[in-house]
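Taking it in order: structure first as structure tokens, then the write-up.
Please treat every number below as a calculation from the coordinates, not as lab data. Nothing here was measured: the structure is a model prediction, and the numbers come from that model. Every residue, glycine among them, receives a Cβ derived from its backbone with ideal geometry; neighbour counts consider all protein chains shown.
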Amino acid sequence: MYKPTLDYAQQLDKEDKLAHLRAQFHVPKDKEGNDWLYFTGNSLGLQPKQTQQYIQQELDDWAKYGVEGHFEARNPWMPYHEFLTNSMAKIVGAKPLEVVVMNTLTTNLHLLMVSFYQPTKTKYKIVIESDAFPSDRYAVQSQLKFHGLDAENGLIEWKPREGEELLRIEDLEKIVDEQGDEIALLLIGGVNYYTGQYLDIKRIAEIGHAKNCMVGIDLAHGAGNISPELHDSGVDFAAWCTYKYLNSGPGSLAGLFVHEKHAHNKELPRFAGWWNHNKETRFNMRQPFDVMPGAEGWQLSNPPILSMAAIRASLDMFEEVGMEALRAKSEKLTGYFEYLINQIDTDRIKIITPSNPKERGCQLSIQVKNADKSLHKKLTENNIITDWREPDVIRCAPVPMYNSFEDVYRMVEKLKELL
Ligand SMILES: *Cc1c(COP(=O)(O)O)cnc(C)c1O
């Protein structure tokens with residue numbers, strides 16, 4: 001149904017109901033003023049133009065009110081994180097009680113493991129994907145060591161089969177079937193950062209829970225990209241950053257999800273600070289610790305408002321467009337990208353991302369035989385921004401918020417030329 005021509009790509013852009021959104025972002029440009037072809041929204045999303053105004057509002061109120069801004073600012077800082085909760089909950093398919101924005105991703109994973117990784121003498125192992133993002137692997141290894149366990153023996157890797165790139169759910173099932181009595185936690189990337197594979201989160205939860213393992217999901221590459229339906233999936237916890245598909249700026253705060261079934265469990269071990277203490281009595285500073293219900297009960301500190309303002313600017317855009325419309329465009333855009341790559345007449349190229357749109361988000365990971373980093377360098381010199389993973393994979397994410405069908409067309413034309 002697709003056609004490999006510039007005219008056709010431009011026609012798709014004309015028909016695209018979300019095409020106007022691109023103008024609401026700052027798209028970096030080359031010296032001649034042409035937009036870069038930006039395919040790394042999976043690493044750092046572009047800046048919405050309205051972000052500046054949202055941050056400026058808080059700077060103005062800080063200038064105007066000083067400490068009184070906690071209550072007097074147009075968007076009072078005291079409950080500021082609450083302004084983000086509903087939109088964020090919608091993006092990941094959760095109830096507002098289950099979601100909070102706080103800290104950064106790896107920090108949140110640690111805080112969640114304080115509560116949900118409770119190893120015993122016999123049940124202490126952690127399962128991750130063999131291609132887990134390094135930070136998650138380090139986090140999990142350090143948790144094992146923290147509990148006095150051997151990081152090597154305590155870690156089980158869910159691997160693709162020999163000669164394959166993608167994970168098979170039945171292999172996870174086998175691991176948990178055979179070793180479940182020793183496994184305390186599954187911590188899995190919902191969308192794998194390397195292959196772009198979107199795993200069946202609900203199935204993973206069922207597999208883990210059947211053997212009384214806790215199940216946590218890292219949604220760094222999922223939030224704002226796919227619709228994970230966290231509540232219905234039944235996973236115990238999840239965390240994600242907001243600077244990738246959620247366009248909230250470098251190092252911005254992260255999201256945290258704790259399933260409703262744990263919302264009122266005050267017995268869960270957890271770290272405490274004044275910000276997970278009961279809001280009503282927080283400033284009556286002589287009260288004993290009284291933990292808040294839900295995800296808010298994992299906060300420790302009062303949060304950085306300037307960063308939250310950037311998140312708010314972005315979430316307001318997601319709220320307006322809705323994940324459903326974004327997802328629909330995303331499937332078409334990535335589908336077109338895939339089609340064009342498959343048109344290239346060479347056996348050097350292989351897409352390792354699943355071809356089924358239900359098993360991927362917008363990212364395609366393209367393996368180029370006999371290529372090295374010089375290919376990535378040449379793309380960059382042509383203002384095509386992609387991500388290179390050794391030994392031979394280009395990761396490319398056409399983002400439905402701001403990438404066009406023409407972007408994708410031009411990128412593949414250049415790739416063809418360089419090969
Ligand atoms: C991007 C990413 C991270 C980054 O962690 P930070 O704590 O935000 O630096 C961690 N895990 C995964 C899976 C990621 O994709």
Identify the GluC sites (Glu not before Pro) of region 238-289 meeting these criteria: DSSP loop state and at most 14 other C-beta atoms within 10 Å of the C-beta.
E267
Quick check: from the Cα gyration tensor, does the chain come out rounded (a/c under 1.5), prolate or oblate?
oblate
One would report the Cα pair-distance distribution of region 153-287, bin width 10 Å, in %, as 11, 34, 32, 17, 5, 1, 0
Once a ≥ b ≥ c are taken as the square roots of the eigenvalues of the Cα gyration tensor of region 15-109, is the result rounded (a/c under 1.5), prolate (a/b larger than b/c) or oblate (a/b not larger than b/c)?
oblate
Zero-based 10 Å bins, Cα pair distances in region 270-418, whole percents
9, 28, 21, 17, 14, 9, 2, 0
Across region 341-347, in residue order, what do the Karplus-derived ³J(HN,Hα) couplings come to in whole Hz, using 6.51 cos²θ - 1.76 cosθ + 1.60 with θ = phi - 60° and x for Gly and Pro?
5, 5, 6, 5, 8, 7, 9
For a bin width of 10 Å, list the pair-distance distribution of region 76-126 built from all Cα-Cα distances, rounded to whole %.
21, 38, 27, 12, 2
For region 14-76, which trypsin sites (Lys or Arg not before Pro) pass both filters: DSSP loop (anything but H, G, I, E, B) and at most 14 other C-beta atoms within 10 Å?
K17, K31, K49, R74
Estimate the FRET efficiency between Q50 and D181 by the formula 1/(1 + (r/R0)^6), using the beta-carbon distance for r and 41 Å for R0, to the nearest 0.05.
0.20
Candidates per trypsin sites (Lys or Arg not before Pro) in region 124-189, loop by DSSP, up to 12 other Cβ within 10 Å:
R161
For Q11 and T346, what does the FRET efficiency come to when R0 = 25 Å and r is the distance between their Cβ atoms, rounded to the nearest 0.05?
0.40
Provide the gained length on full extension for the span R74 to Q24, in nm with one decimal, where the gain is 0.36 nm per separating residue minus the Cα-Cα distance.
15.6 nm
Each label sits 7 Å from Cα toward the beta-carbon; between K3 and S135 the label points are separated, in nm, by 4.4
Taking the Cα of F146, stepping 7 Å toward and past its beta carbon, and measuring to each backbone N in region 116-130: which are under 14 Å?
116-119
In straight Cα distance, which aspartates and glutamates are under 18 Å from K211, not counting same-chain residues fewer than 8 positions off?
E157, E170, D171, E173, D177, E178, D181, E182, D200, D236
Using a 7 Å offset from the Cα along the Cα-to-Cβ direction at both N34 and A328, what is the distance between the two label points in nm, to one decimal?
3.3
